[in-house]
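Please find one structure pasted underneath; my questions will follow.
The values are calculated or read from the model by the stated rules, or taken from the named source; none is laboratory data. The shown structure was predicted, so the numbers you read here are calculated from the model rather than taken from an experiment. Neighbour counts are summed over all protein chains in view; Cβ atoms, including those assigned to glycine, are modelled from backbone coordinates with ideal geometry.
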Amino acid sequence: MSNVKTAVIENRVNENVVRLVAFFVLIFALATIATGWVALPLYLSVDFFFRAFTNIKPPFALAGQYLARTLHLEVKPIYAPPKKFAASIGFVFSVVISALLLTSHVDIAWIVTGVLAVFATLESVFSICAGCYVYSWIVAPLIEKFK
C-alpha cells in the first residue's frame, strides 16, 4: 500500500509553483518579442526540456518553489503528467522560435512567441492549461486504448 501512496505523491506537482513558472515563461516570451534575442528561447528550450523529459528541476522550477515558499503560497497538488506533456509542447514551441530567429524569420518567430505568451498567460493568470486539455482529451485516451 505504501508504494501506491508514494507513486501518487510522486505524480503530483504544486499548482502554485506551476503558475509561477508560467509567469517566468511569459516574461521570457515578452522579452523575446521585445528584443529578438535568441538566447531567451534557447534558455526556454533547455528549461522546458528538463521539466518535460527529466526529473531534474530547472532554474525556473527552483525559482518558482523558492518564490512560493517566500510568499507563503499554499501547496496545491495537481496531477503531473498533463503538466509534463504541456512542458513538452513548450519545448517544441521554444525550439521552433529559436530556429526561426536563427534563420532570420523574425515575423513568424514573433507570432509563435505570441502564441506561447498567450498559453503562459492562461496558465499563470487563470490556471488554464491548454496542453493539459490536449493531454486529457487526446493523449490519455490513446494511452488507455493501447494499454
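Hey, could you check the range 85-100 for residues that are surrounded by fewer than 20 Cβ atoms within 10 Å (Cβ to Cβ) and small (G, A, S) and say which is farthest from R51 (Cα to Cα)?
Only one residue fits best here, namely A99.
Name the single residue that is surrounded by the most Cβ atoms within 10 Å (Cβ to Cβ) among those in the range 101-112 being out of contact with any Phe, Trp or Tyr (no Cβ under 9 Å at 6 or more places or on another chain) and assigned to a helix (DSSP H, G or I).
Of the range 101-112, the ones out of contact with any Phe, Trp or Tyr (no Cβ under 9 Å at 6 or more places or on another chain) are 102-111.
Still in the list and also assigned to a helix (DSSP H, G or I): 102, 106-111.
On the way: L102: 12, V106: 13, D107: 8, I108: 13, A109: 23, W110: 18, I111: 14.
The extreme case among them is A109.
How many of the residues making up the range 48-58 are without any contact (Cβ under 8 Å) to a residue 40 or more places away in the chain and either polar (S, T, N, Q) or in contact with a Phe, Trp or Tyr (Cβ under 7 Å, 6 or more places away or on another chain) (or both)?
5
On to the next question. Report, by residue number, each residue of the range 1-40 that is surrounded by fewer than 13 Cβ atoms within 10 Å (Cβ to Cβ) and at pLDDT below 95.
Of everything in the range 1-40, those that are surrounded by fewer than 13 Cβ atoms within 10 Å (Cβ to Cβ) and at pLDDT below 95 turn out to be M1, S2, N3, V4, K5, T6, A7, V8, I9, E10.
Inspect the range 127-144 for any residue being surrounded by fewer than 16 Cβ atoms within 10 Å (Cβ to Cβ) and part of a loop (DSSP other than H, G, I, E, B) and give the result as yes or no.
Yes, some residue in the range 127-144 is surrounded by fewer than 16 Cβ atoms within 10 Å (Cβ to Cβ) and part of a loop (DSSP other than H, G, I, E, B).
Another one. Please list, ordered by residue number, the helices (runs of 4 or more DSSP H) wholly in the range 6-86 having 2 or more residues that are of a type in the set (A, V, I, L, M) and farther than 29 Å from I111 by Cβ.
In the range 6-86, 59-70 are the helices (runs of 4 or more DSSP H) which contain 2 or more residues that are of a type in the set (A, V, I, L, M) and farther than 29 Å from I111 by Cβ.
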